[in-house]
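Beneath this line is the structure, given in structure tokens, with notes to follow.
The values are calculated or read from the model by the stated rules, or taken from the named source; none is laboratory data. A quick note: this is a predicted structure, and the numbers were derived from the prediction, not measured. Cβ: placed from backbone, ideal geometry, glycine included. Neighbour counts: every protein chain shown. All accessible areas refer to the heavy atoms of the entire protein, side chains included, with ligands and DNA or RNA removed. Shrake-Rupley method; radii C 1.70, N 1.55, O 1.52, S 1.80 Å.
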Amino acid sequence: MSIRKHYDEALAELNQALTEMGQAAQDAVENAMEALATTDAAAAAQIIKDDNQINDMEHDIEHRCMVLLLRQQPVAGDLRRVSATLKVITDLERIGDHAADIAEIMPHLFDSRKAGDPAVSQAISMGQKAHKMVVDALDAFLKEDMNAAQQVIAADDEVDYDFNAIKRTLAEEIAADPTQVDAALDLLMIIKYLERIGDHAVNVAEWVQFTRTGLYKNESLF
């Protein structure tokens, strides 16, 4: 096998590994929202167990990137792609962590909030938006689609709006009935993790510009 062919195959395998890790992170968020909607404690426990797989994927991709950087010494676009991948997997790992964090809160939350609770329904809607951001951010990164990346960044405003709206609702709950403080704080933690998931999706989207141009975030092309 030629050196170039081996190099191209290594890049393709890296891309596939990133795709699989991204899918696992997406699934973790989606499963967390499903478990929250169905008050499924067993499903929540499985999310926590599955987080180890995402961590293992991160370590595997780190190794692949380092091998490419040290042995193949990529340049230009390939170098930017590998370097950005090292950053993206950190965000994907944190997304998986936050989905597991949400799952850890659920059993206690299920004891204090009933099915159909309006604030929980709002949180699920917020989580679905954050999940879409993760899906769209990874797709934009894999395709190096700057327009799609900008849409992900803009979508974060809706997630932030939902976070603040639910936070106000929970504050009103506590003011009306201080005995509900624990139930409110549990849900507050969940929406805070969802807000962070949105932030990590934004981070992934922001690396698209770097892979395309070598510039990051607010750096100008001109």
Next item on the list: Using per-residue counts of other Cβ atoms within 10 Å, averaged over each peptide, order 64-71, 200-207, 159-166 from highest down.
Entry: 200-207, 159-166, 64-71
Notebook entry, point to check: Angle between the Cα long axis of helix 76-112 and the longest principal axis of the chain, 0 to 90 degrees, nearest 10?
Noted result: 20
Item checked: [x] 1.06; [y] 0.94; [z] 1.51, with the label sought being that of the calculated Rg/Rh (Cα atoms, Kirkwood Rh) -> [x]
Margin query: If I compute solvent accessible area with a 1.4 Å probe over the protein chains, what percent of it on segment 105-149 is carbon and sulfur?
Written below: 53
Notebook entry, point to check: Against the longest alpha carbon principal axis of the chain, how many degrees, from 0 to 90 and to the nearest 10, is the axis of helix 146-176 turned?
Noted result: 20
Checklist line | Between helix 181-213 and the chain: long-axis angle, C-alpha atoms, 0 to 90°, nearest 10 | finding: 20
Next item on the list: Run the quick spin-label model on A43 and N147: label points 7 Å from Cα toward the beta carbon, then report their separation in nm to one decimal.
Entry: 3.5
Notebook entry, point to check: Relative contact order for the chain using alpha-carbon pairs under 8 Å, separation at least 6, rounded to a whole percent?
Noted result: 26
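Per residue of the chain, what 222 nm ellipticity follows from adding -39500 (n - 2.57) for every DSSP H run with n ≥ 4, rounded to the nearest 500?
Rounded to the nearest 500, the figure is -31000 deg cm²/dmol.
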Note to self: If I model a spin label as a point 7 Å beyond the Cα along the Cα-Cβ vector, how far apart are those points for D117 and K167 in nm?
What the structure shows: 1.9
Note to self: Once each part is reduced to its C-alpha centroid, what is the distance from segment 113-189 to segment 18-57 in angstrom?
What the structure shows: 17
Next item on the list: Keeping all protein chains in place, calculate the accessible area per residue for the chain (probe 1.4 angstrom), answer in Å².
Entry: 51
Check: What is the dipole size for segment 1-143, taken about its Cα centre, with +1 at each Lys and Arg Cβ and -1 at each Asp and Glu Cβ, in debye to the nearest 20?
Finding: 560
